[in-house]
1. Out of Q190, Q234, Q127, report the one residue that is under 20 Å from the mean Cα position of the chain (by Cα) and farther than 21 Å from L28 by Cα.
2. Of the residues Y251, Y239, which is surrounded by fewer than 17 Cβ atoms within 10 Å (Cβ to Cβ) and either at negative phi or not in a helix (DSSP H, G or I) (or both)?
3. Hey, Y239 hits all of (1) over 29 Å from A117 (Cα atoms); (2) touching a residue at least 12 places away in the same chain (Cβ under 8 Å); (3) of a type in the set (S, T, Y) but one; which does it fall short on?
4. Please specify each residue of region 138-189 satisfying the condition of being farther than 30 Å from R126 by Cβ and touching a helix residue (DSSP H, G or I) at 6+ places or on another chain (Cβ under 6 Å).
5. Picking from V78, V83, V47, which residue would you name as being closer than 28 Å to A275 by Cα and over 16 Å from the mean Cα position of the chain (by Cα)?
6. Checking the condition crowded, with 17+ Cβ neighbours inside 10 Å and hydrophobic (A, V, I, L, M, F, W, C), which residue from V261, V277 passes?
7. Residues N85, N109, N63: which one is surrounded by 17 or more Cβ atoms within 10 Å (Cβ to Cβ), assigned by TED's automatic domain parsing to the domain that holds R169 and in contact with a strand residue (DSSP E or B) (Cβ under 9 Å, 6 or more places away or on another chain)?
8. Among the residues of region 260-273, is there at least one that is under 22 Å from the mean Cα position of the chain (by Cα), outside any strand (DSSP E or B) and under 23 Å from A145 (Cα atoms)?
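The values are calculated or read from the model by the stated rules, or taken from the named source; none is laboratory data. Quick caveat, the model's predicted, so the values are computed rather than measured. As a convention, Cβ positions derive from the backbone with ideal geometry for all residues, glycine included, and neighbour counts pool all protein chains shown.
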Amino acid sequence: MTIVQAVAERIIENVSQVIIGKRNEIRLTVVGLLCQGHILIEDVPGVGKTMMARALARSIGANFSRIQFTPDMLPSDVTGVSVFNQRTREFEFRPGPIMSQIVLTDEINRATPKTQAALLEAMEERQLTVDGVTYPMDDPFLVIATQNPIEYEGTFPLPEAQLDRFMLRIRLGYPTPQEEIAMLDSQQYQHPLEGLQQVVTVEDLLNAQNAVRSVYLNHDIKNYIVNLVTTSRQHPDVYLGASPRGALALYHAAQARAAIVGRDYVIPDDVKALAEVTLAHRIIVGPNARIKDVSSSSIVHSILNTVPIPGATVGARF
(Lines give C-alpha, C1' and ligand atoms only; values in the text may rest on other atoms or scores of the structure.)
Protein backbone atom coordinates (compact mmCIF):
# COMPACT_ATOMS: atom_id res chain seq x y z
CA MET A 1 0.00 0.00 0.00
CA THR A 2 3.07 2.24 -0.04
CA ILE A 3 2.29 3.57 -3.53
CA VAL A 4 -1.29 4.48 -2.58
CA GLN A 5 -0.19 6.23 0.59
CA ALA A 6 2.55 8.16 -1.23
CA VAL A 7 0.28 9.26 -4.09
CA ALA A 8 -2.54 10.27 -1.75
CA GLU A 9 -0.32 12.27 0.63
CA ARG A 10 1.33 14.18 -2.21
CA ILE A 11 -2.04 15.15 -3.68
CA ILE A 12 -3.53 16.08 -0.30
CA GLU A 13 -0.54 18.24 0.66
CA ASN A 14 -0.57 19.96 -2.72
CA VAL A 15 -4.30 20.73 -2.78
CA SER A 16 -4.10 21.93 0.84
CA GLN A 17 -2.00 24.86 -0.39
CA VAL A 18 -5.09 26.12 -2.24
CA ILE A 19 -7.95 24.87 -0.04
CA ILE A 20 -6.83 25.85 3.45
CA GLY A 21 -8.13 24.02 6.53
CA LYS A 22 -10.17 21.39 4.68
CA ARG A 23 -7.81 18.44 4.88
CA ASN A 24 -10.55 15.90 5.66
CA GLU A 25 -12.66 17.06 2.70
CA ILE A 26 -9.61 16.93 0.43
CA ARG A 27 -8.90 13.42 1.68
CA LEU A 28 -12.48 12.40 0.79
CA THR A 29 -11.99 13.81 -2.70
CA VAL A 30 -8.81 11.76 -3.07
CA VAL A 31 -10.74 8.69 -1.88
CA GLY A 32 -13.16 9.24 -4.75
CA LEU A 33 -10.30 9.72 -7.18
CA LEU A 34 -8.60 6.49 -6.09
CA CYS A 35 -11.89 4.58 -6.40
CA GLN A 36 -12.68 6.08 -9.81
CA GLY A 37 -15.89 7.38 -8.27
CA HIS A 38 -17.58 10.69 -9.07
CA ILE A 39 -18.06 13.41 -6.45
CA LEU A 40 -20.88 15.83 -5.70
CA ILE A 41 -19.83 18.91 -3.73
CA GLU A 42 -22.89 20.57 -2.24
CA ASP A 43 -22.29 23.88 -0.51
CA VAL A 44 -22.89 27.60 -0.57
CA PRO A 45 -21.04 29.83 -3.09
CA GLY A 46 -17.49 30.95 -2.46
CA VAL A 47 -16.14 28.15 -0.26
CA GLY A 48 -13.74 26.73 -2.87
CA LYS A 49 -15.69 24.06 -4.77
CA THR A 50 -14.33 25.06 -8.18
CA MET A 51 -10.81 25.60 -6.83
CA MET A 52 -10.85 22.11 -5.34
CA ALA A 53 -11.47 20.55 -8.76
CA ARG A 54 -8.88 22.71 -10.53
CA ALA A 55 -6.22 22.07 -7.88
CA LEU A 56 -6.86 18.32 -8.06
CA ALA A 57 -6.47 18.28 -11.84
CA ARG A 58 -3.27 20.34 -11.69
CA SER A 59 -1.81 18.08 -8.99
CA ILE A 60 -2.02 14.98 -11.20
CA GLY A 61 -1.36 16.68 -14.54
CA ALA A 62 -4.72 15.59 -15.93
CA ASN A 63 -6.74 17.26 -18.68
CA PHE A 64 -9.33 19.55 -17.09
CA SER A 65 -12.58 20.96 -18.45
CA ARG A 66 -15.30 23.04 -16.83
CA ILE A 67 -18.95 22.99 -17.83
CA GLN A 68 -21.04 25.88 -16.52
CA PHE A 69 -24.56 24.47 -16.51
CA THR A 70 -27.40 26.83 -17.45
CA PRO A 71 -31.11 26.23 -18.21
CA ASP A 72 -30.61 26.80 -21.96
CA MET A 73 -27.85 24.20 -22.39
CA LEU A 74 -28.42 21.28 -24.74
CA PRO A 75 -27.09 17.71 -24.32
CA SER A 76 -24.83 18.26 -27.33
CA ASP A 77 -23.16 21.14 -25.45
CA VAL A 78 -21.91 18.48 -23.03
CA THR A 79 -21.27 15.44 -25.21
CA GLY A 80 -20.22 17.04 -28.48
CA VAL A 81 -21.74 16.88 -31.93
CA SER A 82 -21.10 15.43 -35.38
CA VAL A 83 -20.43 18.14 -37.98
CA PHE A 84 -20.48 17.63 -41.74
CA ASN A 85 -17.11 18.37 -43.35
CA GLN A 86 -17.74 19.70 -46.84
CA ARG A 87 -14.18 18.98 -47.94
CA THR A 88 -14.19 15.26 -47.06
CA ARG A 89 -17.97 14.87 -47.49
CA GLU A 90 -18.09 13.03 -44.17
CA PHE A 91 -19.35 13.73 -40.66
CA GLU A 92 -16.67 14.51 -38.06
CA PHE A 93 -17.16 14.23 -34.33
CA ARG A 94 -16.36 17.39 -32.38
CA PRO A 95 -15.95 16.22 -28.77
CA GLY A 96 -17.65 18.16 -26.02
CA PRO A 97 -16.15 19.15 -22.65
CA ILE A 98 -17.16 15.82 -21.09
CA MET A 99 -14.33 14.19 -23.10
CA SER A 100 -11.70 15.09 -20.54
CA GLN A 101 -10.08 13.46 -17.50
CA ILE A 102 -11.22 15.77 -14.70
CA VAL A 103 -14.58 17.34 -15.54
CA LEU A 104 -16.10 20.05 -13.35
CA THR A 105 -19.86 20.37 -13.88
CA ASP A 106 -20.54 23.66 -12.12
CA GLU A 107 -24.04 24.18 -10.69
CA ILE A 108 -25.28 20.95 -12.23
CA ASN A 109 -28.84 21.50 -10.97
CA ARG A 110 -29.26 24.59 -13.17
CA ALA A 111 -29.43 22.44 -16.31
CA THR A 112 -32.64 20.76 -17.44
CA PRO A 113 -33.11 17.04 -16.74
CA LYS A 114 -32.51 16.33 -20.44
CA THR A 115 -29.07 17.93 -20.27
CA GLN A 116 -28.28 16.36 -16.90
CA ALA A 117 -29.04 12.96 -18.45
CA ALA A 118 -26.25 13.52 -21.00
CA LEU A 119 -23.81 12.69 -18.18
CA LEU A 120 -25.34 9.35 -17.20
CA GLU A 121 -23.64 7.06 -19.72
CA ALA A 122 -20.23 8.68 -19.30
CA MET A 123 -20.38 8.52 -15.50
CA GLU A 124 -21.49 4.89 -15.24
CA GLU A 125 -20.04 3.17 -18.30
CA ARG A 126 -17.05 5.47 -18.95
CA GLN A 127 -18.01 5.81 -22.57
CA LEU A 128 -20.02 8.18 -24.73
CA THR A 129 -22.37 7.32 -27.60
CA VAL A 130 -23.07 10.02 -30.17
CA ASP A 131 -24.93 9.27 -33.41
CA GLY A 132 -24.53 5.54 -32.85
CA VAL A 133 -20.75 5.69 -32.39
CA THR A 134 -19.24 4.88 -28.97
CA TYR A 135 -16.19 6.75 -27.71
CA PRO A 136 -14.29 5.51 -24.62
CA MET A 137 -13.34 8.00 -21.92
CA ASP A 138 -9.69 8.56 -21.02
CA ASP A 139 -8.25 7.23 -17.76
CA PRO A 140 -8.49 8.56 -15.16
CA PHE A 141 -12.02 9.94 -15.59
CA LEU A 142 -13.65 11.86 -12.76
CA VAL A 143 -16.74 14.09 -12.70
CA ILE A 144 -16.86 16.64 -9.89
CA ALA A 145 -20.27 18.32 -9.76
CA THR A 146 -21.22 21.31 -7.63
CA GLN A 147 -24.57 22.63 -6.54
CA ASN A 148 -25.85 25.31 -4.17
CA PRO A 149 -28.18 23.82 -1.52
CA ILE A 150 -29.66 27.20 -0.58
CA GLU A 151 -30.87 28.90 -3.77
CA TYR A 152 -33.42 26.73 -5.58
CA GLU A 153 -34.99 29.34 -7.87
CA GLY A 154 -34.46 28.36 -11.52
CA THR A 155 -32.97 24.98 -10.65
CA PHE A 156 -33.89 21.38 -11.48
CA PRO A 157 -33.33 18.93 -8.60
CA LEU A 158 -31.10 16.01 -9.55
CA PRO A 159 -33.14 12.84 -10.14
CA GLU A 160 -32.40 9.72 -8.13
CA ALA A 161 -30.68 8.04 -11.09
CA GLN A 162 -28.25 10.96 -11.34
CA LEU A 163 -27.57 11.20 -7.60
CA ASP A 164 -26.93 7.47 -7.40
CA ARG A 165 -24.05 7.77 -9.85
CA PHE A 166 -22.08 9.98 -7.48
CA MET A 167 -19.92 7.88 -5.17
CA LEU A 168 -19.55 10.64 -2.57
CA ARG A 169 -21.38 13.78 -1.57
CA ILE A 170 -19.26 16.16 0.48
CA ARG A 171 -19.61 19.63 1.96
CA LEU A 172 -16.71 22.02 2.47
CA GLY A 173 -18.25 24.44 4.96
CA TYR A 174 -16.89 27.82 6.04
CA PRO A 175 -13.28 28.13 7.27
CA THR A 176 -12.47 29.09 10.85
CA PRO A 177 -11.38 32.72 11.46
CA GLN A 178 -7.73 31.65 11.63
CA GLU A 179 -8.03 29.68 8.39
CA GLU A 180 -9.72 32.62 6.70
CA ILE A 181 -6.88 34.92 7.73
CA ALA A 182 -4.39 32.41 6.31
CA MET A 183 -6.41 32.38 3.09
CA LEU A 184 -6.24 36.19 2.87
CA ASP A 185 -2.48 36.13 3.38
CA SER A 186 -1.96 33.41 0.76
CA GLN A 187 -3.74 35.48 -1.88
CA GLN A 188 -2.11 38.83 -1.17
CA TYR A 189 -0.09 38.86 -4.39
CA GLN A 190 -1.49 36.02 -6.48
CA HIS A 191 -3.79 33.03 -6.18
CA PRO A 192 -1.89 29.97 -4.88
CA LEU A 193 -3.36 27.93 -7.71
CA GLU A 194 -1.14 29.85 -10.15
CA GLY A 195 2.02 28.36 -8.65
CA LEU A 196 0.66 24.89 -7.99
CA GLN A 197 2.84 22.16 -9.47
CA GLN A 198 2.09 18.63 -10.62
CA VAL A 199 3.12 16.22 -7.85
CA VAL A 200 2.17 12.81 -9.29
CA THR A 201 1.91 11.46 -12.81
CA VAL A 202 -1.21 9.97 -14.34
CA GLU A 203 0.64 6.65 -14.48
CA ASP A 204 1.31 6.81 -10.70
CA LEU A 205 -2.37 7.48 -10.11
CA LEU A 206 -3.50 4.57 -12.29
CA ASN A 207 -1.11 2.26 -10.43
CA ALA A 208 -2.52 3.48 -7.11
CA GLN A 209 -6.08 2.91 -8.34
CA ASN A 210 -5.21 -0.67 -9.23
CA ALA A 211 -3.53 -1.21 -5.86
CA VAL A 212 -6.62 -0.01 -3.97
CA ARG A 213 -8.68 -2.86 -5.42
CA SER A 214 -6.43 -5.41 -3.69
CA VAL A 215 -7.26 -4.15 -0.17
CA TYR A 216 -8.78 -7.01 1.81
CA LEU A 217 -12.28 -7.11 3.36
CA ASN A 218 -13.22 -10.10 5.46
CA HIS A 219 -16.72 -11.59 5.56
CA ASP A 220 -17.75 -9.68 8.71
CA ILE A 221 -16.95 -6.32 7.11
CA LYS A 222 -18.88 -7.21 3.97
CA ASN A 223 -21.84 -8.26 6.13
CA TYR A 224 -21.60 -4.96 8.02
CA ILE A 225 -21.78 -2.95 4.77
CA VAL A 226 -24.75 -4.97 3.50
CA ASN A 227 -26.55 -4.67 6.87
CA LEU A 228 -26.13 -0.88 6.82
CA VAL A 229 -27.58 -0.64 3.31
CA THR A 230 -30.41 -3.10 4.06
CA THR A 231 -31.36 -1.22 7.24
CA SER A 232 -31.58 2.01 5.23
CA ARG A 233 -34.28 0.38 3.10
CA GLN A 234 -36.28 -0.73 6.15
CA HIS A 235 -35.97 2.45 8.22
CA PRO A 236 -39.42 3.89 9.16
CA ASP A 237 -38.44 7.43 8.09
CA VAL A 238 -37.18 6.33 4.65
CA TYR A 239 -39.24 6.29 1.47
CA LEU A 240 -36.43 4.80 -0.66
CA GLY A 241 -33.22 3.38 0.79
CA ALA A 242 -29.69 3.09 -0.56
CA SER A 243 -29.21 1.06 -3.74
CA PRO A 244 -26.81 -1.84 -4.35
CA ARG A 245 -24.59 0.74 -6.06
CA GLY A 246 -24.43 2.45 -2.66
CA ALA A 247 -23.10 -0.74 -1.10
CA LEU A 248 -20.44 -0.93 -3.81
CA ALA A 249 -19.53 2.72 -3.23
CA LEU A 250 -19.07 2.14 0.49
CA TYR A 251 -17.08 -1.05 -0.22
CA HIS A 252 -14.61 0.62 -2.59
CA ALA A 253 -14.36 3.85 -0.58
CA ALA A 254 -13.47 1.85 2.54
CA GLN A 255 -10.72 0.12 0.55
CA ALA A 256 -9.28 3.49 -0.48
CA ARG A 257 -9.44 4.93 3.05
CA ALA A 258 -7.60 1.92 4.44
CA ALA A 259 -4.92 2.14 1.73
CA ILE A 260 -4.38 5.87 2.31
CA VAL A 261 -3.42 5.23 5.95
CA GLY A 262 -1.16 2.33 4.95
CA ARG A 263 -3.36 -0.67 5.74
CA ASP A 264 -4.01 -3.54 3.33
CA TYR A 265 -7.26 -4.48 5.09
CA VAL A 266 -10.47 -2.64 6.02
CA ILE A 267 -11.69 -2.17 9.61
CA PRO A 268 -15.17 -1.06 10.81
CA ASP A 269 -13.93 2.50 11.41
CA ASP A 270 -13.29 2.86 7.66
CA VAL A 271 -16.89 1.92 6.92
CA LYS A 272 -18.34 4.13 9.67
CA ALA A 273 -16.28 7.15 8.56
CA LEU A 274 -17.58 6.92 5.00
CA ALA A 275 -21.19 5.80 5.54
CA GLU A 276 -22.70 9.29 5.52
CA VAL A 277 -20.86 10.62 2.46
CA THR A 278 -21.58 7.47 0.42
CA LEU A 279 -25.16 6.68 1.48
CA ALA A 280 -26.98 9.84 2.63
CA HIS A 281 -27.54 11.30 -0.86
CA ARG A 282 -29.01 7.98 -2.04
CA ILE A 283 -31.70 7.94 0.66
CA ILE A 284 -35.08 9.57 0.04
CA VAL A 285 -36.70 10.72 3.26
CA GLY A 286 -40.40 9.89 3.66
CA PRO A 287 -42.97 12.73 3.57
CA ASN A 288 -43.89 12.40 7.26
CA ALA A 289 -40.25 12.56 8.30
CA ARG A 290 -39.62 15.60 6.06
CA ILE A 291 -42.31 17.49 7.97
CA LYS A 292 -40.31 16.82 11.14
CA ASP A 293 -37.11 18.08 9.44
CA VAL A 294 -35.50 14.65 9.51
CA SER A 295 -32.51 14.59 7.15
CA SER A 296 -30.95 11.69 5.30
CA SER A 297 -27.68 12.34 7.15
CA SER A 298 -29.37 11.96 10.54
CA ILE A 299 -30.95 8.73 9.32
CA VAL A 300 -27.51 7.34 8.40
CA HIS A 301 -26.19 8.23 11.86
CA SER A 302 -29.14 6.49 13.51
CA ILE A 303 -28.49 3.41 11.37
CA LEU A 304 -24.83 3.42 12.44
CA ASN A 305 -25.98 3.45 16.06
CA THR A 306 -28.40 0.58 15.41
CA VAL A 307 -26.46 -1.92 13.29
CA PRO A 308 -24.05 -4.05 15.37
CA ILE A 309 -20.35 -3.51 14.68
CA PRO A 310 -18.36 -6.65 13.77
CA GLY A 311 -16.52 -8.30 16.63
CA ALA A 312 -12.91 -8.51 17.68
CA THR A 313 -11.92 -10.81 14.81
CA VAL A 314 -12.40 -7.98 12.31
CA GLY A 315 -9.26 -7.25 10.30
CA ALA A 316 -7.79 -10.73 10.74
CA ARG A 317 -7.11 -12.74 7.59
CA PHE A 318 -8.92 -16.03 7.34
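1. Values: Q190 fails: under 20 Å from the mean Cα position of the chain (by Cα); Q234 fails: under 20 Å from the mean Cα position of the chain (by Cα).
Within the list Q190, Q234, Q127, the selection yields Q127.
2. Details: Y251 fails: surrounded by fewer than 17 Cβ atoms within 10 Å (Cβ to Cβ).
Testing whether each residue is surrounded by fewer than 17 Cβ atoms within 10 Å (Cβ to Cβ) and either at negative phi or not in a helix (DSSP H, G or I) (or both) leaves just Y239.
3. Of (1) over 29 Å from A117 (Cα atoms); (2) touching a residue at least 12 places away in the same chain (Cβ under 8 Å); (3) of a type in the set (S, T, Y), only one is false for Y239: (1).
4. Our first condition is that a residue be farther than 30 Å from R126 by Cβ; within region 138-189, this holds for 150-154, 173-189.
S186 - this is the single residue of region 138-189 that is farther than 30 Å from R126 by Cβ and touching a helix residue (DSSP H, G or I) at 6+ places or on another chain (Cβ under 6 Å).
5. Among V78, V83, V47, only V47 is closer than 28 Å to A275 by Cα and over 16 Å from the mean Cα position of the chain (by Cα).
6. Details: V261 fails: crowded, with 17+ Cβ neighbours inside 10 Å.
Answer to the check: V277.
7. Going through N85, N109, N63 in turn, the sole match is N109.
8. Within region 260-273, one or more residues are under 22 Å from the mean Cα position of the chain (by Cα), outside any strand (DSSP E or B) and under 23 Å from A145 (Cα atoms).
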